[in-house]
Every structure is written in C-alpha cells, then in structure tokens.
Amino acid sequence: MYKVPEHEPDYAFIPDVETPEKNRYGKAIDLLAGNDELKGKSLNINGDNSIGDNPNRYKQHGFYFNADNCIACHACEAACAEKNDTPPHLAFRSVGYLEGGSYPATQRLNISMACNHCDNPVCLKGCPTRAYTKFAEYGAVLQDPDICFGCGYCTWVCPYNAPQLDPVAGHVSKCNMCVDRLEVGLKPACASACLGGALDFGLVETTPENCEQLETQIPGFPDPSITQPNIRFQQQRSLPREMTRTDSTPIKYVRDDQNAKPDPEVKGGQSAYHSAPLSSEGKKMQWGLGKLSSRENPLVIFTLITQAVIGAFLVFFLAPVFGFDAFNATNYPLAFPVSLFVLIGLETFALVISTLHLGRPHRFYRAFNNLKYSPVSREVAAVAVFYNLLGAYAVLNGLPQLFAWLPGNVLGFLQQAAGWLTVMAGPVSLYFMHAIYRIEARPYWNHWQVLTSFYGSMLTLGAILAGVFMIPLLGSTNIDYSGLFDGLMWVMLAGLVIEGFGLYRHAHYLRHATGEGQAAHVEQTITFGKSYWSRNIVFAASAMMLLWMLLMSDSSVIGWSAVSVFVVVAAIIGRAMFYVMVIPTTMPGAFFWKNPLFQDHAREAGLAEMQQVGVQVETH
C-alpha cells in the first residue's frame, strides 16, 4: 500500500463530497450500485492484496482542469514522469497550448491532458489483446503493457493521444490514474503537484473549491461524444475569436459568436484548397515521396497483397461460371493447382509482413483475444478464415490423391463447397479490414471510401495477378485467350471505376468538412499534391485506356501490361498516402513538444540523440 508522506498538505487529499446519481451522459456515478457483493476486492497494486479505505472507492473519479489558472510550468508533467518512471520520449501527461490575437494583445491557452478514463473507452474496445480494463474502483481505465503486443491501434482510436506507444520497448503504456495513491485518499501525482491550482481531481460532476464551471469542452479538446471522457473544464477568461495550434497540425479553433462554441477550422480556411497549387499560406504543391514511408509500411504491403489474392481467386473460381473456359481448371491439371499454392504463398508472405507492424511480432497470436469488440481481432479472424479456406480448396483440388478414399461425388462436393465458401470469405474479410479504419478520431479515414478502395483494389489488382499467372500459360498453348483479355480488362475497369468514384466522393466530403478532415485534404493536395493528382490521373487514364481497348477490340499483351504496371505503382503510392496523410483529432502540442514537424527535424539534425529533447530516435 502506498505510504502517505508526513505533513502531506490538505489539498493533496480527495475531498469526500456529495455527487449526483448519474453523470451528464446518463451513466451511474456509483459504478457498483446494487452490487455490494462485488465490493471489497483488492487491486493487487505492486503485489499488495490490501484494500484501500477510500469511502468513494467505487464511484467514478475524473480530472478537473481550470484553463484560466494554468501557467504552463509543466509541474504536472514532471510529477507524472517521476511517479511512473517514464523514459524521456514518453509522457503520460503533456501540456500543449493554443495562441490567438495579434501583437501586443496576444493570448495563450494552455491545456494539460492525460488519459480521461472515459465512460466509453474506445481504447478498451479497440485493443485486440484485451490489455485494457475499466475497473469499478474509481472508474479507472488501466492497461497492462505485458499483455500488449504493440499494434498501436489504441493510439489510433484515442482522440487525446493518451496511450503511448514505446517503439523501444515494443508496447503501449499510459496514465493509470495513480490508483495506488487513490487507495489511500490522495489525488494523482499530477494534480497534487499543480502550482497554479489549474489541475484538480475528484468525484466526477463535482466542482472543486473556488471553481464554477463543469464544461466538457474547451478550444483544442476533441468532441467529447466520441468517448464520453471523465474530465471537466473551466475557462472564463475572454479569448480571441481565433485560437491557433502552434504545432504543425494545420488547425485553428474559431468561436461561433452565436453559441460561443469553438469549432476547428483549417489554417487558411477553404481557400487552401481552391487556390491550389498555392494555399493561402504560400505552400507550393509537392510530391512528398520522401514522406510516404511510415511505421505502417507493413500494412501497405499486407492490405494490397491480401486484396490482390482475394481478387485473383475470385477470377480463377468465378470465370468458368461466367463462361470463360480459358480458366477452366480441368484444362490445366498441373498449372491451376500451382497457381492456387502460389496465392497461398503470397498471402502467407503478407501475413508474416503484417506482424512486422507489431512492437512484439512474436505475440501475434494474441490478436484473436477481443473478437467481441475489436475490429482488429475481427479482421485477423476473417482473414484467417479466408486463408484456411483457400488452403483447403487448394489441397482438395491440387492433391486429390490424398482423398482417393472418398467417393468421387463427395470429393466433388467438398471441392465446390470449399470454393464457394472461399469466394464468400474473401470479400467479407475485406469488409472487416475496412472497419478497422472507420475511426471517429481520424476523420480522413472515417468514410465509406475506404471500403470502395479496398474492393476496387481487390478487382483491379486481383485481375492483374490472375493475368500474370494465366497469360504466359495460355501463350504457350493453342488456346485462344482473346476472351481472357476482355474479361480481365472488364474486371480491372470495374475496380478502377469503383475506386475512382469513392475517391471523388471522399474529396468532396473532405472539402466541405471542418477540422482534421479538411486539414488532411489540404495535406493531400499540397504536401502530397503532385503524387495525389498523379495517382488520380493514372487511374483515370488507365480506365479510359481499358475502355478504348475493349470498345475497339484492340487488346494486346503489351498494352495490358503497361496499364497494369502503372496501376500497381499508383496503387502502392495511394495506399502509402492513405496511412501518412491522416490527421487525428489529438490534443494540441507545443512548438517543440508533441510537434510532429519538430520531431522529424530533431531526427534529421541529430537532436533526437539527446535524451533531454524528448524525441524518440526510433519510429518503430
């Protein structure tokens, strides 16, 4: 049990005050009301099975931040780092700020933020390994780094940048509400260390002394409806109409005079798009190719190969159904099974590559632990089902001698059943794959275009992969494969049209959005503008070329191969942009601290080698 220091000041203890029955989200503040039989269990903190005597042990607690009092002394950060012994490149609590006004009448709004131990913890639901638990004790959302395998999905879904992925240790860790201090009635270390009386802690929906407001949002704070966070704010000092982030995120917060609600807008506004290639800040359109590499590179490879393999199998299996006898397996008793096993080999490679995205790749098997809630677990399970069904189909068709003991009609039934089940499992697995990216905290991803992109790639890349297998084979025989070209080109054309329509509607949606969604669109049309438009032009030109060859009956291996190469390159660039252009609804950083642009500069200039800079040298 935590030892209370001698002469601990009164303000360091949590006051025992009355609370309403429910919070503003309609959730009970007494988390075990009517379940007294569940009370009296130990949290086993540091192996101690003692039970704290806090009278409000089973009520939801939360932080209180008075922005008017914060002086950005960073005492809360220092106390948190000392208490949790965090390395310099991690911070469970960080202080960022916004600036507004014009000289000499400038103002600054400081924001201290850590985990908000939400009523709807999206980190808990998203984690595939079930490393998170929301406890009835204090309503704390705790995370076990030993269970975590470092996928980082919780860092994607959390709007507050609370979970911290340590690329050195290979796992995530975060604020634990200092539950050891709560057990003896003390506030968390950060709240106890605050010099200006800005950061406080106690029972949620209760107002600390000398405070008046219980707001759920201030400028710079993401939409609280995403997670229903247990933090309340006070901010009464008059602020300029516009407050701008000082980090590299192109976001400003504009107060609506009608309802005094701060809404995020893009720095420079809509003109940043309409004045391309120059934004209102004078930025020229760039290629941005050097910025396309990220820790998500394994996911770029995994998603594209998986979609191509699924599409190729659909072509192999369904082409004879639609009358393309050139794909009939009976014509190629050796080549067809070999093609199936090559598909299995490609998907095996993709699955192995995907584990390199993890901080602890050897613990990949834990991805199945949260099928009830986690989109990651469901995607992994769905892809595994497709992979095993594909293997079953390949073995049944490629090694029928292993099943000679079965009656012929039974073997035929099993072959067809495995094939049709694989046909269904492939697109279903891509649906679960797309669900991973429907994240409210990442507006750029949270659009149905992700699904059209994945299905479009399935058709386009799948047809290309099928053609790579079959065209050399058919070219060495006397079989007429002109119909094959037509079929493959129609499939590719359908994929390009589907993906192109999704990209068009996505761009329209982002142009009319606000905040991080529109900011991401500015990034893709300015920072990656040349790559973005080149990808779009290649897709459009490829679709027109395919349509022309189909209408003119002028199909050729050379023409089809050229189109295929351009489409594959454009797909790789587009998928890489998909991962690097997203701007999350995270908390503001500072000019040096929690600023992605400064972090990149520190790595390039060698400043990251100095631990006191607080920038991690490794990105994964």
* Dipole of the chain [Lys/Arg +1, Asp/Glu -1 at C-beta], most positive-end residue of Leu389, Gln518, Val179 -> Leu389
* If the cut-off is a Cα-Cα distance under 19 Å, which aspartates and glutamates reach Lys41, setting aside same-chain residues fewer than 8 apart in sequence? -> Asp30, Asp53, Glu137, Asp144, Asp180, Glu183
* Listed residue pairs exceeding 22 Å between alpha carbons, taken from Lys3/Lys83; Lys27/Lys125; Lys291/Lys594; Lys27/Lys594; Lys22/Lys261; Lys22/Lys134 -> Lys27/Lys594; Lys22/Lys261
* Please give the residues of segment 138-180, grouped as numeric ranges, whose backbone N is less than 20 Å from a label point set 7 Å along the Cα-to-Cβ vector of Tyr25. => 138-144, 153-164, 174-179
* Antiparallel bridges, percent of DSSP beta bridges restricted to the chain (to nearest 5) -> 90 percent
* To do: Please work out, to two decimal places, the log10 of the ratio I(q)/I(0) at q = 0.09, 0.11, 0.12 Å⁻¹ from a Debye calculation in which every Cα of segment 130-279 carries one identical scatterer.
  => -0.41, -0.61, -0.72
* Charge dipole (segment 148-232, unit charges on Cβ, about Cα centre) - positive-most of Leu214, Gly152, Val168 -> Val168
* To do: For the chain, return all DSSP H helices satisfying: extent of Cα atoms along own axis at least 18 Å; mean Kyte-Doolittle hydropathy at least -1.0.
  => 297-318, 335-355, 375-398, 408-435, 449-475, 482-511, 529-552, 557-580
* Structure fact -> Quick calc, Asp144 & Val569: beta-carbon distance into FRET formula, R0 45 Å, rounding 0.05, result 0.60
* Tell me what the chain gives for mean residue ellipticity at 222 nm when only DSSP H runs of n ≥ 4 count, each as -39,500 (n - 2.57), the sum divided by the residue total, rounded to 500 deg cm²/dmol. => -13500 deg cm²/dmol
* Please give the length that would be gained between His7 and Ala541 if that part of the chain were fully extended, namely 0.36 nm times their separation in residues minus their C-alpha to C-alpha distance (nm, one decimal). => 184.7 nm
* Asked: In whole Å and largest first, what semi-axes does the C-alpha gyration tensor of the chain yield when each eigenvalue is scaled by 5 and square-rooted?
  -> 51, 31, 19
* Förster-model FRET efficiency, 45 Å R0, Ala404 and Thr133, C-beta, rounded to 0.05 -> 0.30
* Work out the charge dipole of the chain with +1 on the Cβ of Lys and Arg and -1 on the Cβ of Asp and Glu about the Cα centre, then indicate which of Ile573, Ile14, Phe313 is farthest towards its positive end. => Phe313
* So how far apart, in nm, are the two label points at Leu411 and His362 if each is 7 Å from Cα heading toward Cβ? -> 4.3 nm
* Within segment 37-73: backbone nitrogen closer than 16 Å to the Asp85 label point (7 Å, Cα to C-beta) -> 45-48
* Asked: Extension gain Leu318-Trp448, at 0.36 nm per residue separation less the Cα-Cα distance, in nm?
  -> 44.2 nm
* If the chain between Asn120 and Val338 were fully stretched, how many nm would it gain, using 0.36 nm times the residue separation less the Cα-Cα distance? -> 73.6 nm
* Asked: To two decimal places, what compactness ratio does segment 290-580 give when its Cα radius of gyration is scaled by 2.2 N^0.38 Å?
  -> 1.05
* To do: Take every Cα pair under 8 Å in the chain that's 6+ residues apart, average their separations, divide by the length, and report that relative contact order as a whole percent.
  => 18 percent
* To do: Quote the relative contact order of segment 62-137 in percent (integer), defining contacts as alpha-carbon pairs under 8 Å separated by 6+ residues.
  => 26 percent
* **GluC sites (Glu not before Pro) restricted to DSSP loop in segment 1-59 with at most 10 other C-beta within 10 Å** => Glu6, Glu18, Glu21
* Structure fact -> Plugging the Cβ-Cβ distance of Asp53 and Tyr431 into 1/(1 + (r/R0)^6) at R0 = 60 Å yields, to the nearest 0.05, a FRET efficiency of 0.75
* Under unit Cβ charges (Lys, Arg +1; Asp, Glu -1), what dipole magnitude, rounded to 20 debye, does the chain have relative to its Cα centre? -> 1040 debye
* Using alpha carbon centroids, what distance separates segment 574-602 and segment 217-251, in Å? -> 18 Å
* To do: Calculate the spin-label point distance for Leu346 paired with Leu371, positioning each point 7 Å from the Cα along the beta-carbon direction, and give it in nanometres.
  => 2.8 nm
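Readers should treat all values here as calculations from the given coordinates under stated rules, not as data from a laboratory. Treat the numbers as computed from the prediction; the structure is a model and nothing was measured. Heads up, the Cβs are rebuilt from the backbone with ideal geometry, glycines too, and the neighbour counts pull from every protein chain shown.
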